[in-house]
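Below: the structure, in structure tokens.
The values are calculated or read from the model by the stated rules, or taken from the named source; none is laboratory data. All of these numbers come straight from a predicted model, not from anything done at the bench. Backbone-built Cβ (ideal geometry, glycine too); neighbour counts: all protein chains shown. These area figures cover heavy atoms from the full protein model, side chains too; ligands, DNA and RNA do not enter into them. Shrake-Rupley method; radii C 1.70, N 1.55, O 1.52, S 1.80 Å.
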Amino acid sequence: GLDDDGTPLLNPRLYDSAEFRRNPHPYFRIMRKHYPVYHDKLHNCYYITRYDDARRCAVDALGFNTIPKGIASTVLGNTQLELSGVEHRRRRGVFDRHLAGAALRDRIPAIERLAEELIADWDSGDKAHVHDRAGVRTVELGAAFCDQFPVRVVCEVLGFPAEARSQFNYWYQTMMAGFGGSDTAQQGLEARQDLEDYLEAIVQDRRRQATYLTNAAGNPVREDLISTLSRTRVDGDYLSTEEITSYIALLVGGGGETTRGAIINMWYLMLQHPDQLAAVARDASLWDAAFQETLRYAIPTGGMQPRHATFDIEVAGVSIPAGALVHIVNHSANRDECYFESPDRFDIFRNDLYTGKMLRSGFNRNGRCSHLAFGSGAHFCPGAFISH
């Protein structure tokens, strides 16, 4: 319906609808234009949908500091995902030391080797997802690559013993299923506890003797992540097995499921735009733009950053009271017409999207802006650099 002045009216029940989950963008467009900070009285929360407001609120560590506890803390444990302030900085610093810069570059050979092994399997391995008919090969990319690659990368970079890698699939799949609700949350909790119990002895061993990732020649290049976490001291103390398990659980969730979604989305969108795929095939340097445009256009999971307002605060002329639940809607911000021309069009050649080195504070200069798929500010995705 419409208000007396012609403004579209929103029914907050739509947020629970299958239609909204299928395609929320028409509704986000209405919100950006008419309700940039929408007070949803039914669910007792506020939605922030414009690019400027979303970015400003995400980097405001004082005004929007507290992260609401949710099902992630239930299944994954006390991860940095839902911590703030000193506790968040304490744990985040460990990620920043080991998943960026030289530490990340040293891990790239292991990641590239895993990709090459998976692709080689299309010729010599299980053909369940590879079909050869009349001289034409068809590959089910989701099952043959996307479902397996992120889990293998996380397992390899962490340094799980080879004999535990089938068990790792159980931990991964069961913890992820635990996000589905009460029926599976208990199983997710049991899987996480099983993971922690398994890690107890591994952590003790690797405090005494680290194990290493290797390059293509088989030479050691850097400690695997479990070894590094086991030997890391914060404030003079070793990380506990519980803390190390929380790091690993977060990598399992963030490095597995979201990366899987990003790869599937990118390939789907590129195949839907064969002219753009052909351009990338001719010029491999365009893959950065393809990846960044995929994340702008189709965030693989989530898309909303929940926060609590620390004190009464005004955003876009709307007063948000202290303690209110706020959703920073990155899905919507990434299609803000004020920043991205024809935002509902997938276009790796667009000149308004920044595709350079990712920055925690974002980029907004000379008509080019970062997407917000990884968030901004203190809670910028710690796996952003390894995913890129």
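List of remarks:
- Of all residues in segment 157-214, those satisfying the criterion of being among the small types (Gly, Ala, Ser), open to solvent by less than 80 Å² (accessible area, probe 1.4 Å), over 23 Å from residue 112 (Cα atoms) and in a helix (DSSP H, G or I) are 177, 178, 180, 185, 188, 191, 201.
- The residue pairs whose first member lies in segment 1-25 and is touching a residue at least 60 places away in the same chain (Cβ under 8 Å), whose second member is part of a helix (DSSP H, G or I) and surrounded by 10 or more Cβ atoms within 10 Å (Cβ to Cβ), and whose beta carbons are closer than 7 Å, counting only pairs six or more residues apart or on different chains, are 24/331.
- Taken over segment 275-307, the residue count meeting the criterion of being part of a helix (DSSP H, G or I) and open to solvent by less than 50 Å² (accessible area, probe 1.4 Å) is 14.
- Long-range neighbours under 7 Å by Cβ, at least six apart or interchain, first residue outside any strand (DSSP E or B) within segment 32-45, second charged (D, E, K, R): 32/50; 32/336; 36/50; 36/53; 42/13
Per-residue answers, yes or no, for (1) surrounded by fewer than 22 Cβ atoms within 10 Å (Cβ to Cβ); (2) over 16 Å from residue 28 (Cα atoms):
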site	(1), (2)
323	yes, yes
332	no, no
344	yes, no
356	yes, yes
361	yes, yes
366	yes, yes
377	yes, yes
381	yes, yes
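- Single condition residue 76 does not satisfy, out of (1) at pLDDT below 90; (2) exposed (fewer than 14 other Cβ atoms within 10 Å of the Cβ): (2)
- Looking across segment 94-131 at every residue that is closer than 17 Å to residue 147 by Cβ, of a type in the set (Gly, Ala, Ser) and modelled with pLDDT under 85, the one that is surrounded by the fewest Cβ atoms within 10 Å (Cβ to Cβ) is identified as 128.
- From the list 260, 282, the one residue that fits, being among the basic types (Lys, Arg) and under 30 Å from residue 174 (Cβ atoms), is 260.
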